[in-house]
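Chemist: This structure is in structure tokens; I'll ask about it shortly.
Please treat every number below as a calculation from the coordinates, not as lab data. Since the structure is predicted, the reported quantities are computational estimates derived from the model, not experimental observations. Reconstructed Cβ throughout: ideal geometry from the backbone, glycine too, with neighbour counts over all protein chains shown.
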Amino acid sequence: MVGELKKLKIVAFSDPGFNHLIADGQFSTLMNPEKYTFHYKIESDKTQASGTSSVPPKFNKQLPENLELDFVFDRSGVITGYESSIDGIIGDIEKFKKVILDYNGDKHKPNYLIISWGTLLFKGSLTEMDIEFKLFKPDGTPIRAIAKAKFQGFVEDNLRAAKENNKSPDLTHYRTVKEGDTLPLMSYNIYGDSKYYLEVAKVNNIIDFRKLKTGKKLFFPPLQKQS
């Protein structure tokens, strides 16, 4: 539905492959964030050779991005559907902590998280969080708070390997044909050379490689480079 309100959602998993959901490991925000911030960091090697006065830094790699995000909790009664309760926001925050903060069973590691909202799709785990309590009942029960969380992003090992060497003929690739795709072009994008298209056509049983069907999934196998 156009204009339908979507809430930011966090889903917790016990493994870095995101295959095993944590029991009750889902959380949707009370209010969508006003902003979120990505942080990127580049590693460089500044080692200086003996006898030299200076050396330009050598680029090593780009580290996974960090995400900063604020979460609002409110049981003051001003938000429809989140009326005041006996324990204020304590239950809401404990549910939130169970998803993003609790350690994962015997592994003593934080849960692996997928955070999604609109165009935001982030995979990582919590590294730091501050909870600021801002409003209280007369007996001191908190009814409003803001949690400021920082997450460390990462890519699964197998995806990272493909991402860092994504044009290697030694890797297996799957691609879905989009409008305008041709087999030589797809072969070039994957292998760095269009001349592999006949081998790709053969393994996919494609008779007429000039007429690819949009939406068809193609297998691009590991190939030996040709001279």
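Chemist: Pop out the ³J(HN,Hα) list for segment 110-124 in order, Karplus 6.51 cos²θ - 1.76 cosθ + 1.60 with θ = phi - 60°, rounded to Hz; leave Gly and Pro as x.
Modeler: Going residue by residue, I get x, 4, 8, 10, 10, 10, 9, 5, x, 8, 7, 9, 10, 10, x Hz, with x marking Gly and Pro.
Chemist: Now for a different question. In which sequence would Phe219, Phe122, Phe27 go, from the one with the fewest C-beta neighbours within 10 Å to the one with the most?
Modeler: Values: Phe219 11, Phe122 18, Phe27 21.
Least to most surrounded, the residues fall as Phe219, Phe122, Phe27.
Chemist: On full extension of the chain, what length is gained from Lys95 through Arg175, given 0.36 nm per residue of separation minus the C-alpha to C-alpha distance? Walk me through the intermediate numbers first.
Modeler: Working: separation 80, 0.36 × 80 = 28.80 nm, distance 3.89 nm.
Here the answer is 24.9 nm.
Chemist: Fully extended, how many nm does the chain gain between Arg210 and Leu198 (0.36 nm per residue separation, minus their Cα-Cα distance)?
Modeler: On the way: separation 12, 0.36 × 12 = 4.32 nm, distance 1.12 nm.
Length difference between fully extended and current span is 3.2 nm.
Chemist: OK, next. Students often check this: by mean Cβ neighbours within 10 Å, which of 137-148, 64-75 ranks highest, and how do the rest follow?
Modeler: Details: 137-148: 14.3, 64-75: 19.3.
In descending order of packing, they fall as 64-75, 137-148.
Chemist: What spacing in nm lies between the two simple spin-label points modelled at Ser84 and Tyr36, each 7 Å away from Cα in the Cβ direction?
Modeler: Modelled inter-label distance: 3.3 nm.
Chemist: Turning to a different aspect of this structure: So how far apart, in nm, are the two label points at Glu68 and Leu120 if each is 7 Å from Cα heading toward Cβ?
Modeler: Here the answer is 1.3 nm between the modelled labels.
Chemist: Another question, then. Please sort 88-96, 31-39 by packing, taking for each peptide the average over its residues of neighbouring beta carbons within 10 angstrom, highest first.
Modeler: Numbers: 88-96: 18.0, 31-39: 12.0.
Packing order, densest peptide first, comes out as 88-96, 31-39.
Chemist: Looking at this model, which pairs from Lys7/Lys35; Lys123/Lys178; Lys6/Lys178 are more than 23 angstrom apart at the alpha-carbon? All intermediate terms of the calculation are to be shown ahead of the outcome.
Modeler: Details: Lys7/Lys35 14 Å; Lys123/Lys178 26 Å; Lys6/Lys178 28 Å.
Too far apart for the 23 Å limit: Lys123/Lys178; Lys6/Lys178.
Chemist: What order, most packed first, do the peptides 11-18, 179-186 have when packing is the mean number of other Cβ atoms within 10 Å of each residue?
Modeler: Numbers: 11-18: 17.0, 179-186: 15.1.
Descending mean neighbour count gives 11-18, 179-186.
Chemist: Okay, next question. Starting from the 7 Å offset along Cα-to-Cβ, what nm value, one decimal, do you get for the label separation of Gln26 and Lys150?
Modeler: 3.1
Chemist: Go through segment 81-90 residue by residue and turn each phi into a ³J(HN,Hα) via Karplus (6.51, -1.76, 1.60, θ = phi - 60°); whole Hz please, and just put x for glycine and proline.
Modeler: Rounded to whole hertz, the list is x, 10, 6, 4, 9, 4, 9, x, 9, 4.
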